[in-house]
Amino acid sequence: MFKKTSTVQSAGEHEYDIVAIGSGHNGLVAAGYLAKSGKRVLVLERNAWLGGGVVSRELTLPGFRHDQHSMAHIFIQANPLLQRDELGLKSRYGLRYLFPDSPMTSVFEDGSTLSMYRDPQKTAAQIAKYSRRDADAFLRLSAQAAAWLPMLVSTLYTPPMPNGASNALLDQSREGQALWRTIQMSCHDVLASYFENDKVRAHFARIAGENLVSPDEKSTGIGVFVFVGFLEAYGFGVPVGGSGQLTDALKRCIEDHGGTVLISQEVKEVTVSHGRASGVITADGKRYTAKEAVIGAIHPHQLGTLVPSVDAEVRRHAEATHITDAACITVHAALSGPLKFKTTQPVESVMIELLPDSYKELRQCFDDLRYGGFMRESLLGLGSLTMFDPSRVPEGKAIAHLWDYVPYCHPEGLSWDQAKSAYAERMLQRLKRYVSNVDDVLLSFHCDSPLDMERTSPSFLRGDLHGVATTSYQSGAHRPTPDLGQYRVPSVDRLYLVGPFQYPGGGVFGAGRATAQVICEDLAVDFSRLEQPL
């Protein structure tokens with residue numbers, strides 16, 4: 001399926017216009033646009049598989065394809081990449097999505113549920129089970145989210161405006177000032193101003209948790225509106241065949257335009273000639289020349305190592321970026337049949353949050369992490385997408401994807417390689433509080449600790465799936481630093497960055513499109529031509 005390098009290379013075979021380091025979806029998106037423009041593109045991946053955080057693999061048993069990292073594709077749905085199908089991923093290269101009616105459900109320990117739907121009236125009816133006042137408040141929140149969404153969407157897939165200019169622009173109107181205030185607030189601040197019921201608050205607070213932060217962290221309040229706005233306007237995309245189908249479609253696009261994608265090629269250094277990125281050297285000593293640009297999925301903590309000539313001040317600020325305290329740990333399970341929830345209502349959603357009955361306990365769980373300990377109870381997220389897409393498993397079978405948050409350094413000083421199986425059993429025991437047939441259907445499971453996350457992708461340093469923390473001082477044009485916020489590397493011409501540590505952040509955004517825009521600007525390529533569907 002993948003191309004491998006030959007031991008014999010002809011003259012010029014290692015010369016390309018563009019060399020991209022890493023095959024995460026953002027790098028592939030950028031490479032796809034450049035290949036479409038007619039550039040000779042090479043993508044080098046250090047693993048024996050492609051995709052970074054967007055990959056489907058047989059982690060447990062033959063025939064069971066698990067999404068190792070990203071499960072649902074949410075924020076990419078508004079990207080012109082898919083909205084206009086600019087690279088033909090849907091029309092030509094086989095990418096298909098399902099959009100279930102209920103993107104998210106919370107299941108509480110007592111068996112009660114709260115489901116969200118693309119129709120806000122249906123969600124309000126769910127909330128009314130707990131509070132009629134909160135149902136009305138949700139409709140106001142939904143309307144505000146819809147009003148803000150077009151402006152927010154317009155900023156996500158192009159290079160970010162300078163932070164100072166952005167704040168000044170918001171300050172020019174009452175609406176902008178209200179948005180700025182919400183951006184500075186915590187998720188809890190927002191929820192306390194809208195909702196009175198404990199379970200309703202917990203349900204929406206879990207949204208902040210999906211960004212690896214506590215609902216009490218400041219500058220998380222806007223996330224509630226972004227989440228609700230996207231959920232209702234675009235839905236949660238379930239890629240048919242698994243998350244890796246996006247990666248496969250991007251690979252087909254690049255190769256169809258004459259590009260080359262190679263696996264098992266770890267880049268050890270970006271070469272620089274006369275101040276310009278000129279190519280890369282791999283771990284086995286191969287040199288690949290980039291006549292026009294290098295695209296690097298290079299974590300800011302590793303920038304100085306891979307690019308020794310980077311400016312010392314740029315390197316210092318890059319290495320000072322902060323990693324999220326909460327690392328991710330996942331369990332992928334092969335099942336002989338579907339899970340049976342201990343609920344009176346059926347649970348059929350893309351994301352299923354298994355919550356304690358107390359909102360206070362949910363908040364305290366994140367406090368536990370803040371001080372370096374395990375959460376007092378696992379805050380499990382669950383996906384079992386075979387309820388919508390049975391093509392991922394043998395007939396009649398199912399899969400489950402469980403995630404939880406833990407410190408990168410084990411609180412008891414153990415190696416995660418030693419301790420992950422015990423923690424996975426803890427997660428499965430927690431699952432049994434909500435699901436009645438875990439022991440009956442569980443065939444096999446695979447656990448990825450924070451250490452495994454880091455091993456699968458250099459972007460996931462210390463198990464942070466967002467690359468670096470999503471704090472206010474590492475956001476917008478300052479993500480990951482003011483020096484690197486426009487995807488360029490000062491002092492190294494024609495070196496461009498992609499990855500979850502760049503704006504707009506972690507998750508499946510297709511943010512490589514913005515990197516491609518910057519490259520095209522510098523190479524005098526008319527990007528508007530590339531916006532036209534194939």
Task: Those residues of segment 317-345 which are open to solvent by 30 Å² or more (accessible area, probe 1.4 Å) and assigned to a strand (DSSP E or B), in sequence order - done: PHE341
Open item on the list: For the list (1) at pLDDT 95 or above; (2) open to solvent by 10 Å² or more (accessible area, probe 1.4 Å), I need the number of the one condition that ALA249 fails.
Closed with: (2)
- [ ] Any chance you could count how many residues in segment 346-361 are under 30 Å from GLY373 (Cα atoms), open to solvent by less than 10 Å² (accessible area, probe 1.4 Å) and either of a type in the set (A, V, I, L, M) or assigned to a loop (DSSP other than H, G, I, E, B) (or both)?
- [x] 5
Task: Those residues of segment 40-58 which are buried (at least 24 other Cβ atoms within 10 Å of the Cβ) and assigned to a loop (DSSP other than H, G, I, E, B), in sequence order - done: GLU45, LEU50, GLY52, GLY53, VAL54, VAL55
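Would you confirm whether any residue within segment 81-99 is under 23 Å from GLU353 (Cβ atoms) and either without any contact (Cβ under 8 Å) to a residue 40 or more places away in the chain or open to solvent by 50 Å² or more (accessible area, probe 1.4 Å) (or both)?
Quick first cut of segment 81-99, residues under 23 Å from GLU353 (Cβ atoms) only: 97-99.
This time we only want the ones that are either without any contact (Cβ under 8 Å) to a residue 40 or more places away in the chain or open to solvent by 50 Å² or more (accessible area, probe 1.4 Å) (or both), so: 98-99.
Checked against the condition, which is being under 23 Å from GLU353 (Cβ atoms) and either without any contact (Cβ under 8 Å) to a residue 40 or more places away in the chain or open to solvent by 50 Å² or more (accessible area, probe 1.4 Å) (or both), segment 81-99 yields at least one hit.
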Task: segment 176-201: number of residues that are under 20 Å from SER472 (Cα atoms) and assigned to a helix (DSSP H, G or I) - done: 14
Open item on the list: Quick check on segment 501-512. Is at least one of its residues free of Cβ contacts under 8 Å to residues at least 24 places away in the same chain, part of a loop (DSSP other than H, G, I, E, B) and open to solvent by 10 Å² or more (accessible area, probe 1.4 Å)?
Closed with: no
Task: Single residue of SER336, SER378 found to be touching a residue at least 60 places away in the same chain (Cβ under 8 Å) and farther than 28 Å from PRO300 by Cβ - done: SER336
Open item on the list: Restricting to segment 277-312, give me the number of residues that are in a helix (DSSP H, G or I) and within 25 Å of GLU454 (Cα to Cα).
Closed with: 7
- [ ] Out of the residues in segment 285-316 that are of a type in the set (Lys, Arg) and in contact with a helix residue (DSSP H, G or I) (Cβ under 9 Å, 6 or more places away or on another chain), state the one that is most open to solvent (accessible area, probe 1.4 Å).
- [x] ARG316
TODO: Evaluate the following for GLN177: is it free of Cβ contacts under 8 Å to residues at least 40 places away in the same chain and buried (at least 18 other Cβ atoms within 10 Å of the Cβ)?
DONE: no
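Every residue, every condition in (1) touching a residue at least 12 places away in the same chain (Cβ under 8 Å); (2) hydrophobic (A, V, I, L, M, F, W, C); (3) within 16 Å of ASP325 (Cα to Cα), yes or no:
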| residue | (1), (2), (3) |
| --- | --- |
| ALA400 | yes, yes, no |
| PRO411 | yes, no, yes |
| GLU425 | no, no, no |
| VAL441 | yes, yes, no |
| PHE445 | yes, yes, no |
| SER449 | yes, no, yes |
| THR456 | yes, no, no |
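The values are calculated or read from the model by the stated rules, or taken from the named source; none is laboratory data. Bear in mind the structure is a predicted one, so any value in this text is a computation, not a measurement. Every residue, glycine as well, gets a Cβ built from its backbone with ideal geometry; the counts of neighbours run over all protein chains shown. For accessibility, only protein heavy atoms count, side chains too; no ligands or nucleic acids. Shrake-Rupley method; radii C 1.70, N 1.55, O 1.52, S 1.80 Å.
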